[in-house]
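See below for the structure under consideration.
Every read-out reported here was derived from the displayed coordinates using simple, explicitly stated rules and does not represent laboratory data. For clarity, every value in this text was computed on a predicted model and none was experimentally measured. For neighbour counting, all protein chains shown are included, and Cβ atoms are generated from backbone atoms with ideal geometry for every residue, glycine included.
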Amino acid sequence: MAPETLQPRADSALPEQAMAPQPWRIHSVRPDVASNEVFSWTLYPEPGVEPGPPPAPGQFNMLYLFGVGEVPISVSAITADGGIVHTTRAVGSVTRTMQDLGPGAVVGLRGPFGTAWPVEQARGRDLVLVAGGIGLAPLRPVIHAALERRDDFGHVVICYGARSPGDMIFRDELEAWGARDDLDLRITVDRGTAAWRGDVGVVTQLIDRGGFDRRNTLAMTCGPEVMMRFAAASLERRGLKPEDIFVSMERNMRCAVGFCGHCQIGSQFVCRDGPVFPYPVMEPAFRIREL
Amino acid sequence: MAVPRGSPEAQESFVEVIAPQAVDTLIRLLAGDGYEVVGPTRRDGAIVYDRVHGLDDLPAGWTDEHAPGHYRLRERDDAALFGYVVGPHSWKKYLFPPEETLFRLTRQPDGSFVTEPGESDVPPRAFIGMRACELAAIEVQDRVFLGQAVQDRGYAARRQDVFMVAAHCAEPGGTCFCASMDTGPRAREGFDLALTEVVDGGQHFLVAEAGTEAGRAMLERLEPRAATDAERAAAERVWAEAPKMMGRQMPGDAREVLNQAFEHPRWGETAERCLSCSNCTLVCPTCFCSQVEEVPDLEGQRTERVRRWDSCFNQEHSHLVGGAHRDSVAARYRQWITHKLATWHDQFGTSGCVGCGRCITWCPVGIDITEEVTAVRRDPEGRA
């Protein structure tokens, strides 16, 4: 007997080939740290490829290497002419192979997937972004959006924590953002160097300096889970409501569409219901080990 | 003529009977109509699902004993065709195969590649002898593979044309608890044709009900006759007695119990017995976790994306930079049981458990999902 559930969900926005990697060519590669451990690719679709909808800030794509495998990588920027920038840290077998590819190479891409940062919800309010390490990458499209329509937002505070000055990514942009007087960029490192004149210590101390309206602020945080947990606690102490805080989660992912079961956190599929979650949805999960 | 299911006609006056030999006719007619007919057969000391070509392939006269960590075939003293409970296989292996090539990709001279779908030309299949719990399990997997924003193409293609012949469970086994999950033992819907086998006092016949137009048309070709009052009464006795034979029971508030028990010490205790072998997830008719492997050829010009069943009991399942997120067996067991009975409701609007009991029977150390819930329920704070 034929099933009666053959209708997609009403909010379906994904193309029919959401499962099939489409060929995209690497236009340029940019090392984001001196060691090239973190690097950004700008990708364009090959002729004949129908790109999906433009990725919203916070969404991710599945990037695929022919003969190697597939990994979820968040979008760190989109270009005016339809290019998509992905920033990757080489830590696994697929991402280490990605490190060796140069301009002209063709990789597979499917997406975009997942939920987005609530940029529109931040309109008319102060915006606090708290990033740890490569967690700055999924937040960068929010910064770009805020700078594009700077008058739509109140104070924009960026709190960025890196392991060391050499581990900071997007250094040119950080310098440019730091030079602006309409952006409050705060940076701290876990370990300084002889030349480092900035802050040393955890990122929460940057939040504790305030500089935003506790009654009218939206906060977004991305980084290690322990960092997001303490960042959210600091923001709450500063008077933010939990529902005004958003976090971005990471889990093992194979399919990106809710089939493979790997990315579950309790009842949530990170690929489908996340990666961006309202903090109250994730708060209980932060407290349960190995959930 | 189509008889609406649940109508007084279907229940009372229009009971039809076929002889055991008509099941042979059924298999041959379905094969003649182009179906690949699969059903129960006896192999390797178990009732398994495989191709069947006629009545001789069915496990006539055999039954199976079920207990935690225990499964044995035993000869019956009659010739019942469907006189067993369920074996280790479920129909999942046909709709969501253990291994499936999702895509074949070929390198192009310019460095690009072409992506083609992996499988095609799936034969329409007929499933013979489906239990109520198994029909319920397919409805659960439908929600996973067909009810989300993206549908699984392969599942949809294989699912679309299945002709489903249910065999209502007459003798549930020692690890069965479908009655407490409200999924059986009598199949209510989802089938094209449903059979109730009666082997009683020297008589052997099957009461047949059609669930769809296609099922009705097929039943007509089997030339059924109207049941006598005695035959109808015998079938009704089967329906009435079967629920009483459940070896186990799931507490009705399992979801609420588990939602409060994520930090319960029971999971650590169960993990001392659990081998993390993944048998429970492999025999489960609803478990859907999978991984995708890249299978390139030696020349690097062609490669395949091959999907295989995975299990939340495998450490790799939760692999992240820095190691497995669910490193302990306790965390993996908790993930499985809380997903199955609690968070599945949030995700798909149904329990992930249909009460078939396979995870209990096929657990090498006999961990019992109903006993786990009962233990946590008895001691919600974990004080004992």
How high is the relative contact order of chain A, given as a whole-number percent (alpha carbon pairs under 8 Å, six or more residues apart)? 17
Over the C-alpha atoms of chain B, what are the Rg and the largest Cα-to-Cα span, Dmax, in Å? 22.4, 76
³J(HN,Hα) across the range A:23-30 via Karplus (A = 6.51, B = -1.76, C = 1.60, θ = phi - 60°), whole Hz, x for Gly/Pro? x, 10, 9, 6, 7, 8, 10, 10
I'd like the mean, over residues of B:141-154, of how many other protein chain beta carbons sit within 10 Å of each residue's own Cβ. 6
Cα centre as origin, Lys/Arg/Asp/Glu Cβ charges: the range A:218-279 dipole, Debye: 60
Pop the C-beta distance of B:Glu269 and B:Glu316 into the FRET formula with R0 = 22 Å and round what comes out to the nearest 0.05. 0.35
So what is the relative contact order of chain B, in percent, for Cα pairs below 8 Å that sit 6 or more residues apart? 21
Which cross-chain or sequence-distant (5 or more) residues have an amide H under 5 Å from the amide H of B:Asp50, H modelled 1.01 Å from N in plane? B:Gly39, B:Thr41
Among all cysteines in chain A, which have no other cysteine Cβ under 4.7 Å from their own Cβ? A:Cys159, A:Cys222, A:Cys263, A:Cys271
Can you tell which of B:Leu135, B:Thr196, B:His89 lies farthest toward the positive end of the dipole of the range B:12-245, using +1 and -1 charges on the Cβ of basic and acidic side chains (Lys, Arg; Asp, Glu)? B:His89
How high is the relative contact order of the range B:254-378, given as a whole-number percent (alpha carbon pairs under 8 Å, six or more residues apart)? 36
Points 7 angstrom from Cα along the Cβ direction at A:Thr97 and A:Asp181: gap in nanometres? 5.2
By a straight-distance test (C-alpha under 24 Å), which lysines pair with B:Lys92 as possible cross-link partners, with residues fewer than eight away in the same chain excluded? B:Lys340
Setting aside same-chain residues fewer than 8 positions from A:Lys241, which aspartates and glutamates have a Cα under 17 Å from its Cα? A:Asp126, A:Asp208, A:Asp213, A:Glu283
In a GNM of chain B with a 10 Å cut-off on Cα contacts, which of B:Pro59, B:Pro124, B:Pro109 has the highest mean-square fluctuation? B:Pro109
Cut-off 11 Å between beta-carbons: net charge of the residues surrounding B:Arg326, Lys and Arg +1, Asp and Glu -1: +1
Which residues does a label at B:Val48 reach in the range B:346-384, if reach means a backbone N under 20 Å from a point 7 Å past the Cα toward the Cβ? B:358-364
Based on DSSP, what percent of beta bridges with both residues in the range B:166-240 are antiparallel, to the nearest 5? 80
Determine, from the Cβ-Cβ distance of A:Arg197 and B:Glu293 and an R0 of 41 Å, the FRET efficiency 1/(1 + (r/R0)^6), rounded to the nearest 0.05. 0.25
Test of understanding: express the Cα radius of gyration of the range A:120-287 as a ratio to 2.2 N^0.38 Å, with N the residue count. 1.03
Give me the log10 of I(q) over I(0) for the range B:231-382 at q = 0.14, 0.20 Å⁻¹, as the Debye formula computes it from C-alpha points; what are the numbers? -0.77, -1.31
Largest-first semi-axes in Å of the equivalent ellipsoid built from the Cα gyration tensor of the protein assembly as shown are 54, 28, 21
How large is the charge dipole for chain A, taken about the Cα centre, if only the Cβ atoms of Lys, Arg (+1) and Asp, Glu (-1) carry charge, to the nearest 20 debye? 600
Work out from phi, with θ = phi - 60° and the Karplus expression 6.51 cos²θ - 1.76 cosθ + 1.60, the ³J(HN,Hα) of each residue of the range B:100-108, listed in order in whole Hz, and give x for Gly and Pro. 8, 7, 6, 9, 10, 10, 10, 5, 10
Pop a pseudo-label 7 angstrom from the Cα along the beta-carbon direction at both B:Asp200 and B:Thr228 and give the gap in nm to one decimal. 1.3
Karplus (6.51, -1.76, 1.60) ³J(HN,Hα), θ = phi - 60°, over the range A:254-260, in Hz, Gly and Pro reported as x: 10, 10, 6, 10, x, 9, 8
Assuming R0 = 51 Å, can you tell me the calculated FRET efficiency for the pair A:Thr79 and B:Asp77, based on Cβ-Cβ distance, to the nearest 0.05? 0.10
Total charge dipole magnitude, the range A:120-287, about the Cα centre, Cβ charges on Lys, Arg, Asp, Glu only, Debye to nearest 20: 380
With a cap of 10 neighbouring Cβ atoms within 10 Å, and only residues DSSP puts in a loop, list the GluC sites (Glu not before Pro) found in the range B:230-319. B:Glu299
